[in-house]
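Below is one structure, written out as structure tokens, with a few remarks after it.
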Amino acid sequence: MTTEAADARFRWLPKILRPPVTMNVRAERVILLVGAAAFFAGYDQNVFGLAAPRILADFGLPDSEVGPTVAIFRIATVIALLIAASADLIGRRRLLLVTLCGQALFTLFTAFTLTYEQFVAMQFLTRVFGYAEEMLCFVVVAEEMAARARGWANGTLSSFYYLGAGVASIFFALVTVLPYEWRAIYVIGAIPIFFVAWLRRRLPETQRFAEREKVVRTISKAAEAWGLLKNLARQYPGRVIGVVVAASAFGFAISPASVLGATYLQTVYRYEPWQTTVLMVSCGLVSLGLAIGAGRLSDRLGRRPLAFAIVLLAGISFYFFYSGAPGWAMPLLWLLAFFGFFSGDALIAGFALEIVPTEYRATVSGLRYVFEISCGAVALWLEGTLYHVYQAHAPAIQLCLLSLPITLIVLLLLPEPAGKSLEEMTGT
């Protein structure tokens, strides 16, 4: 038996959070290498949300510009989609290496920007590669995991993202003592990504893509790309539209609430940086276990009921979070809201990957992501406009949450993939 075929032990996880089925060392290595990328995506994409008041103040801008600034960042998904979709033509492994290096490089450059325009440009490019990386991570996990462990794997991936956000909050707590303040947080986050990129050399190409590549390697890439899009539109229009609509409504509803959470605590409840960190880390540790547990439960009970319940939980929790709740209730609402956000997002991403064949998987994953992020960008821009009407973030954010029932309805109409092989789901 080869080393990769040997049974993995997952000693880095408590027994209760380990996969529900026996998995080999190759699968464990994939989870760790892909999870490391999710960790740094969580770190990098949450730095601005944490430090936004300080960053904007440095550039002479008010807090009302948080939403519009993030909206500009999210336009990067259009370019990221093109990068991620190309993984259906040239492979997952090669693109993952490129995206990780690009993310590291522009994260580092962010720390040395001198103007608001330079900052936005560097973060835009960071997210081009970061968003593409995130799309591809879910593709790799879906194609490499056993049918009865895909939900667990998606939950584990989302917990890595949340862990990265928690680590970012730890460094944010030190923002007043770190040299160059928020700029140092970006430098600290960039350097380890280069090391992960070096380790990523050991990430194998997914077996499903490698097998398909042997069949289609004689076809020109241009002809293959055009044929892929035509076949996708003809064979799975309902599934693709369903996933895109569910993700779009989810992104529109949740993006302002999640992006502005730390800013809201600092401006309305007068949280100090260290208090924000204590909240994020303590709630994050609980959410890590909840996210993995929710993934395991979705393998047993089904994606649809779990996704419905968790998305509903996120919406209700965020609504009350922005309703002027008493201070003692805020940690609990933060825990439930952000657990619902991360786990709900992971479950919706899973649908996009499990209900189409290998040759379309990166493309559909990219479409799901670009529509979710783009609709979130529209909502953030709208929130910035409504802020001037209400002179407060809370009512503007609550209005955006009204799109969430669309996601709930569509989730119930999608096919149930839990416990089925990817081939069973697509008839291939």
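What to note about this one:
- Test: residue in segment 297-314 that is of a type in the set (Lys, Arg) and buried (at least 22 other Cβ atoms within 10 Å of the Cβ): yes
- Inter-residue pairs, beta-carbon under 8 Å, first within 18 Å of Ser323 (Cα to Cα) and aromatic (Phe, Trp, Tyr) and in segment 375-402, second surrounded by fewer than 24 Cβ atoms within 10 Å (Cβ to Cβ) and at pLDDT below 90, 6+ apart: Tyr387/Ser64
- Qualifying residue in segment 109-132 (condition: in contact with a Lys or Arg (Cβ under 6 Å, 6 or more places away or on another chain) and part of a helix (DSSP H, G or I)): no
- Tally of residues being among the basic types (Lys, Arg) and touching a Gly at 6+ places or on another chain (Cβ under 6 Å) across segment 348-401: 0
- Residues of segment 238-278 that turn out to be in contact (Cβ under 8 Å) with a residue 24 or more places away in the chain and assigned to a loop (DSSP other than H, G, I, E, B), as a count: 2
- Selection status of Ser323, closer than 30 Å to Ala149 by Cβ and hydroxyl-bearing (Ser, Thr, Tyr): no
- Matching residues, segment 27-40, being modelled with pLDDT of 80 or more and in contact with an Asp or Glu (Cβ under 9 Å, 6 or more places away or on another chain): Ala27, Arg29, Val30, Ile31, Val34, Ala38, Phe40
- Among residues that are assigned to a helix (DSSP H, G or I), at pLDDT below 65, within 19 Å of Val364 (Cβ to Cβ) and not acidic (Asp, Glu), Gly151 is not included.
- Restricting segment 54-68 to residues that are of a type outside the set (A, V, I, L, M) and touching a Gly at 6+ places or on another chain (Cβ under 9 Å) leaves a set whose member that is surrounded by the fewest Cβ atoms within 10 Å (Cβ to Cβ) is Ser64.
- Residue match in segment 330-350 (condition: part of a helix (DSSP H, G or I), surrounded by fewer than 18 Cβ atoms within 10 Å (Cβ to Cβ) and among the hydrophobic types (A, V, I, L, M, F, W, C)): yes
- Complete set of residues in segment 364-387 that are within 24 Å of Phe160 (Cβ to Cβ) and either of a type in the set (Lys, Arg) or touching a Leu at 6+ places or on another chain (Cβ under 8 Å) (or both): Val364, Ser365, Gly366, Leu367, Arg368, Tyr369, Val370
- Segment 97-156, subset among the charged types (D, E, K, R) and over 20 Å from the mean Cα position of the chain (by Cα), residue surrounded by the most Cβ atoms within 10 Å (Cβ to Cβ): Arg148
- Taken together, Val286, Val281 contain a single residue that is without any contact (Cβ under 8 Å) to a residue 60 or more places away in the chain and either on the phi < 0 side of the Ramachandran plot or assigned to a helix (DSSP H, G or I) (or both), which is Val286.
The values are calculated or read from the model by the stated rules, or taken from the named source; none is laboratory data. Keep in mind the model is a prediction, meaning the values are calculated, not measured. Positions of Cβ are generated from backbone atoms using ideal geometry, with glycine treated the same way; all protein chains shown enter the neighbour counts.
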